[in-house]
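K.L.:
One structure, pasted below without further comment.
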Amino acid sequence: MQELVGDVSLSNGKLQQRLEKLEKEVQRLRRELRAKQRELQAKEEELLTQYYLVSHELKTPLISIRGFASLLQEFHADQLNGEAQEYLQRMIQNVDQMEKLINNLLLISRLHADETDLEPVDMREVVEEAIWEHHFQIREKNATVTVSPVLPTLYCQRNLMITAFSNLIGNALKYSRPTAPPEIQIGYSSEEISHKFWVRDNGIGIAPGDRPRLFRMFSRLGNTRGVSGSGLGLAIVKRIVEAHGGEIWVKSRPGRGSCFYFTIARIEPSRSSTHAKETMNA
Ligand code: ADP
């Protein structure tokens, strides 16, 4: 462009030629970008298929270990001394943690865009159920959760939406400040082409430098000291949101709190194109 504007002596014909050349170049770059995006997507799908297969294989022996450990605990506890019983208990806790991790990997690798599986879902019920999943922690931490008086009914996958809200609320509770009881706000605004939701907390916040890797799989930041997790929660939320044609982003002030925003595309069921569906059975 600068080239065009700078040279005032160019004739109309030459200007036209240059414009056409530039337009062609832009088109070529766009095509290249689309090809690269497709390549990247294919690689990601391949990786997720691998995750699925590995997780699936790991799940069977794990269930078996859990089963035998429970049998030991139930029928042979009297043959074990206190120390052995404690080891067994810890073993079971670790197996449960691993099972959670595997279930999350299975969930993330089964999320696919699909047109068929949407239903009208009352988001108030979704949010209430997600809050209920954390009711022990809410009580234990003396947390308050306020919910927008307006929440829509929209076309989506109910269980996936519960998972998305549950992960965000769970994080708001986990990454709270020891000096301030968690205050969590769940908000909503109706936008022209999407529904916008947010989950705001008054927790420890996220350093600006950490934000680019926040939604990547297995990404845990420097603020997790003493807090358990696998670094999959936000990656799952991102995939759920994207499978519903939306986007997710965060605003945060370290030491003051974070707000996770996400959108869900407004979808007419008849012309829906990007929907979430779990396509494989675990
Ligand atoms: P996990 O909680 O299992 O580590 P997530 O994927 O849910 O994994 O989150 C990734 C990382 O992002 C967390 O380890 C934590 O460092 C940071 N994080 C997530 N939510 C919050 C939050 N509400 N406040 C501060 N940090 C957060």
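K.L.:
Restricting the first residue to the stretch 92-113 and requiring it to be surrounded by 19 or more Cβ atoms within 10 Å (Cβ to Cβ), which pairs with a second residue that is in a helix (DSSP H, G or I) and of a type in the set (D, E) meet a Cβ separation below 9 Å and a spacing of at least six or different chains?
P.N.:
Once the first residue is surrounded by 19 or more Cβ atoms within 10 Å (Cβ to Cβ) and sits in the stretch 92-113, its partners that are in a helix (DSSP H, G or I) and of a type in the set (D, E) give L111/E242.
K.L.:
Being farther than 23 Å from E99 by Cα and of a type outside the set (D, E) narrows it down to one of S230, S219, S252, so name that one.
P.N.:
That would be S252, the only listed residue that is farther than 23 Å from E99 by Cα and of a type outside the set (D, E).
K.L.:
On to the next question. Just give me the residues in the stretch 181-192 being away from the ligand (no atom under 13 Å from the Cβ) and assigned to a loop (DSSP other than H, G, I, E, B), in sequence order.
P.N.:
P181, E191, E192
K.L.:
Looking at the stretch 195-218, which of the residues that are over 23 Å from Q137 (Cβ atoms) and at pLDDT 95 or above is nearest to the ligand (Cβ to nearest atom)?
P.N.:
The qualifying residue nearest to the ligand (Cβ to nearest atom) is K196.
K.L.:
One residue is enough: does the stretch 151-158 have a residue meeting the conditions within 15 Å of the ligand (Cβ to nearest atom) and touching a strand residue (DSSP E or B) at 6+ places or on another chain (Cβ under 7 Å)?
P.N.:
no
K.L.:
Listed residues R28, R38, R66; which is modelled with pLDDT of 95 or more and assigned to a helix (DSSP H, G or I)?
P.N.:
R28
K.L.:
Would a scan of the stretch 245-257 turn up a residue that is among the small types (G, A, S), within 27 Å of V150 (Cβ to Cβ), more than 10 Å from the ligand (Cβ to nearest atom) and not in a strand (DSSP E or B)?
P.N.:
Yes.
K.L.:
Pick from E268, E242: which is at pLDDT 80 or above and among the acidic types (D, E)?
P.N.:
Residue meeting the stated conditions: E242.
One line per residue, one yes/no per condition, for (1) more than 23 Å from I236 (Cβ to Cβ); (2) within 26 Å of the chain's Cα centre (by Cα):
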site	(1), (2)
R18	yes, no
R30	yes, no
K36	yes, yes
E45	no, yes
E57	no, yes
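K.L.:
Here's a follow-up. Being farther than 26 Å from L118 by Cα, modelled with pLDDT under 95 and small (G, A, S) is the requirement here; does G229 meet it? Quick ask: steps written out before the conclusion?
P.N.:
Working: farther than 26 Å from L118 by Cα: yes; modelled with pLDDT under 95: yes; small (G, A, S): yes.
Answer is yes for this residue.
K.L.:
Another question, if that's okay. Need pairs with beta-carbon distance below 6 Å; first residue touching a residue at least 24 places away in the same chain (Cβ under 8 Å) and assigned to a loop (DSSP other than H, G, I, E, B) and within the stretch 194-207, second of a type in the set (G, A, S) and more than 9 Å from the ligand (Cβ to nearest atom); sequence gap 6+ or separate chains.
P.N.:
N202/A180; G205/G255
K.L.:
Now, a different point. Select from the stretch 219-244 the residues that are in a loop (DSSP other than H, G, I, E, B), in contact (Cβ under 8 Å) with a residue 12 or more places away in the chain and more than 8 Å from the ligand (Cβ to nearest atom) and list them in ascending order.
P.N.:
H244
K.L.:
On the given criteria, is N167 surrounded by fewer than 20 Cβ atoms within 10 Å (Cβ to Cβ), under 24 Å from R216 (Cα atoms) and out of contact with any His (no Cβ under 7 Å at 6 or more places or on another chain)?
P.N.:
Answer is no for this residue.
K.L.:
Oh, and also: With the requirement that a residue be part of a helix (DSSP H, G or I) and either surrounded by 15 or more Cβ atoms within 10 Å (Cβ to Cβ) or in contact with a Phe, Trp or Tyr (Cβ under 9 Å, 6 or more places away or on another chain) (or both), what does the stretch 69-84 give you? Give the derivation first.
P.N.:
Residues of the stretch 69-84 that are part of a helix (DSSP H, G or I), as a first pass: 69-75, 77-79, 82-84.
Within the stretch 69-84, A69, L72, Q73 meet the criteria.
The values are calculated or read from the model by the stated rules, or taken from the named source; none is laboratory data. Since the structure is predicted, the reported quantities are computational estimates derived from the model, not experimental observations. Note that we place each Cβ from the backbone using ideal geometry, even for glycine, and neighbour counts take in every protein chain shown.
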